[in-house]
Amino acid sequence: MSKVLVYEKSFLTTGVILLILCLGALVYATLAMGIHLPGRAGILDPARLNSTPPFDQPGVRQTGPNAYEVVVRAYAFGYEPSEIRVPAGAEITFVGSSRDVIHGFNIEGTRINMMLIPGQVSKNVYTFKEPGEHLLICHEYCGVGHHFMHGKVIAE
Ligand code: CUA
């Protein structure tokens, strides 16, 4: 076999192996680690966000023996509530929406990373294994105050 053919064969083999590895990583992340894109959990009128349940009562509420729901309203430039306290080890469902423009909802050190879109409800579930304080930041550019838009999530 000529040298060129040997190179070509090894390039093709490497390509196939990389494809299989990437596909495997995707399947592992989806099935074993539970990472997926947050789906659209509902629609609402953004002008009436503050009076539409559950957003009329932002905050943390218990929904089961070890399950909590956190309802968050985003606005330029902050979150309501801006400080969220949840128990570590419990299943936390974050439900959020925005009343003005698109904001981000990214909890540092976790896989919680959502967009809060006016008129849409974003939902994501997470369990804090350890107690600790996490920064909540807006990572979608939303205007002049974007870089001041932050909050705090405390697992205790
Ligand atoms: Cu809100 Cu950037």
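Here LYS123 is the anchor, and the lysines within straight C-alpha reach of less than 27 Å, apart from those fewer than 8 places off in the same chain, are LYS152. In sequence order, segment 51-56 has phi-based couplings of 10, 9, x, x, 6, 6 Hz under the Karplus curve 6.51 cos²θ - 1.76 cosθ + 1.60, θ = phi - 60°, and Gly or Pro positions carry x.
Semi-axes of the equivalent ellipsoid of the chain are 39, 19, 15 Å, computed as sqrt(5λ) over the eigenvalues of the C-alpha gyration tensor in descending order. For the set ILE43, ILE35, ILE154, solvent exposure ranked by accessible area (probe 1.4 Å, protein chains only) runs largest to smallest as ILE43, ILE35, ILE154. Close amide H pairs (under 5 Å, H built 1.01 Å from N) link LEU116 with HIS103, GLY104, PHE105, residues at least 5 positions away or on another chain. Only helices enter this figure: runs of n ≥ 4 DSSP H residues, each worth -39500 (n - 2.57), summed and divided by the residues of the chain, yield -5500 deg cm²/dmol at 222 nm to the nearest 500. Segment 6-38 and segment 122-138 have Cα centres spaced 29 Å apart. Net charge dipole, segment 40-155: roughly 160 debye, given to the nearest 20, about the Cα centre with Cβ charges of +1 for Lys and Arg and -1 for Asp and Glu.
The values are calculated or read from the model by the stated rules, or taken from the named source; none is laboratory data. Values in this document were obtained by computation on a predicted structure and should not be read as measured data. No Cβ is skipped: glycine too gets one built from the backbone with ideal geometry, and neighbour counts run over all protein chains shown. In case anyone asks, the SASA skips ligands and DNA or RNA and just uses the protein heavy atoms, side chains included. Shrake-Rupley method; radii C 1.70, N 1.55, O 1.52, S 1.80 Å.
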